[in-house]
1. Relative to the Cα centre, what is the charge dipole magnitude of chain B, using +1 at the beta carbon of each Lys and Arg, -1 at the beta carbon of each Asp and Glu, and rounding to the nearest 20 debye?
2. Just to verify a number: what accessible area does A:M1 come out at with the full protein assembly present, 1.4 Å probe, Å² rounded to tens?
3. How about the range B:94-181: which trypsin sites (Lys or Arg not before Pro) there lie in a loop by DSSP and see at most 16 other Cβ atoms within 10 Å?
4. What residues have an amide H closer than 5 Å to that of B:I203, excluding those fewer than 5 places away on the same chain, when H is modeled at 1.01 Å from N in the peptide plane?
5. Explain nothing, just compute: Karplus ³J(HN,Hα) = 6.51 cos²θ - 1.76 cosθ + 1.60, θ = phi - 60°, for every residue of the range B:102-118 in order, whole Hz, x for Gly and Pro.
6. I'd like the antiparallel share, as a percent to the nearest 5, of DSSP beta bridges with both residues in chain B.
7. Which order do you get for A:W61, B:W199 if you rank them by accessible area with a 1.4 Å probe, largest at the top?
8. At a 1.4 Å probe, what is the % contribution of carbon and sulfur to the accessible area of the protein assembly as shown?
Amino acid sequence: MALTRAYIIHISAIIAIGLAMYFPGLDIVLALVYLYLVYKEAGYWRQSLNRAGMASVALLWQAPGYLLGGAILLTAESISQFSYYYIFMLELWGTPLLPLFSLLPAWTLLDRPLYYYLLFMLVPCLSLHYYYPALIKKKTKSRSAGSN
Amino acid sequence: MNRSKYNINAVRLLILPLLGLLLLLVIGAANRHLLTVSSGSVIHTYMASFVKGEIGTGYGKPTAGTVPFSHLEPGDIVLGGWPNTAYGRFSHAGLYVGDDRLLEGYVDYGLSIQATSTYAHYSRICLLRVNAPAEVKAKAVEYALEKEKKMFYPLAFKDGDRLWNCTKIIWRAYAAQGIDLDETGDLWIAPESLAESRWVSVIYAKGI
């Protein structure tokens with residue numbers, strides 16, 4: 001259930017934020033709304049899932065991104081005729097955060113723009129964003145135990 | 001208490017789908033003129049290709065023949081494509097900026113300067129000349145070069161200065177000079193739109 005809900009939020013964010021790009025500026029607002037919704041969603045599930053459960057959802061939720069990023073980085077691009085599209089698909093998968101990336105300076109590293117590298121970092125960062133409430137829970141518990 | 005929590009959870013799940021639907025309706029209403037365009041719009045072309053099973057940029061092998069890139073002048077447009085491209089005869093576009101270089105848009109390089117030889121692998125190539133004074137074309141080139149290294153997004157809409165694709169940069173560079181290369185007032189600019197513009201002349205074509 002937690003995983004299904006996380007997928008619904010992410011896929012609907014791809015569509016909504018992709019469409020919001022029609023109104024420049026609105027896409028940035030929706031990207032922030034998306035991050036807030038994911039955080040609140042994870043915060044809700046941390047009450048019923050243990051840390052391993054939260055970690056599993058966080059990883060499986062971004063599985064398409066991990067697979068695409070891995071395929072590109074491991075140069076498995078030549079294994080199918082659709083391999084050319086992997087980088088496009090990874091960018092589309094990252095649509096919810098692209099408005100925020102587009103605010104960054106147009107720096108380049110090894111002739112590639114900064115956002116290209118961020119496309120690969122985006123996926124684990126989103127997993128961590130989902131898992132973060134579980135970390136807070138642990139720390140809060142530890143502090144409570146310490147005060148007792 | 002539980003009921004209110006249930007409602008909050010439902011709302012959290014519905015916010016983005018509902019916003020997406022609302023945006024779809026607003027954008028659809030603002031562009032309803034595209035419904036009356038019988039052909040030429042990106043959506044119409046893509047849907048027609050989708051029915052035939054063509055869904056992307058296409059692929060193929062280069063055709064024989066030397067492309068006269070040396071005849072290009074700054075401000076000219078280069079189009080490349082494959083027979084099975086989903087959004088028209090061409091899948092890619094570049095703006096000639098001089099010295100055998102083009103400003104192009106790629107997902108892994110952003111808006112970037114590339115050699116004209118990047119077009120050698122296409123089976124379809126078309127060189128277009130915009131029918132405008134040289135100083136106007138020079139300003140269009142200058143505009144485009146200012147956007148180098150900006151972010152590429154394949155579905156970038158026409159408005160906005162943060163997200164670009166290979167055709168939007170060309171269209172915007174000329175639009176800034178008062179030349180609208182899009183005849184249909186489309187949501188996106190396809191390479192096909194540039195080829196169909198009344199502002200351009202074909203100076204070379206191969207594989208079409």
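1. 820 debye
2. 150 Å²
3. Taking the range B:94-181 and a limit of 16 other Cβ atoms within 10 Å, the loop trypsin sites (Lys or Arg not before Pro) found are B:K158.
4. Those qualifying (amide H under 5 Å, at least 5 residues apart or on another chain) are B:L127, B:L128, B:R129.
5. 3J(HN,Hα) across the range B:102-118, in whole Hz: 10, 8, 10, x, 10, 4, 8, 10, x, 6, 9, 8, 9, 6, 4, 5, 5.
6. Counting DSSP beta bridges with both partners in chain B, the antiparallel share is about 90 percent.
7. Order by accessible area, largest first: B:W199, A:W61.
8. The computed percentage sits at 65.
The values are calculated or read from the model by the stated rules, or taken from the named source; none is laboratory data. On a predicted model such as this, the values are computed, not experimentally measured, just so you know. A quick note on method: Cβ atoms are made from the backbone with ideal geometry, for glycine too, and the neighbour counts reach across all protein chains shown. Accessible surface is based on the protein model in full, side chains and every heavy atom, while ligands, DNA and RNA are left aside. Shrake-Rupley method; radii C 1.70, N 1.55, O 1.52, S 1.80 Å.
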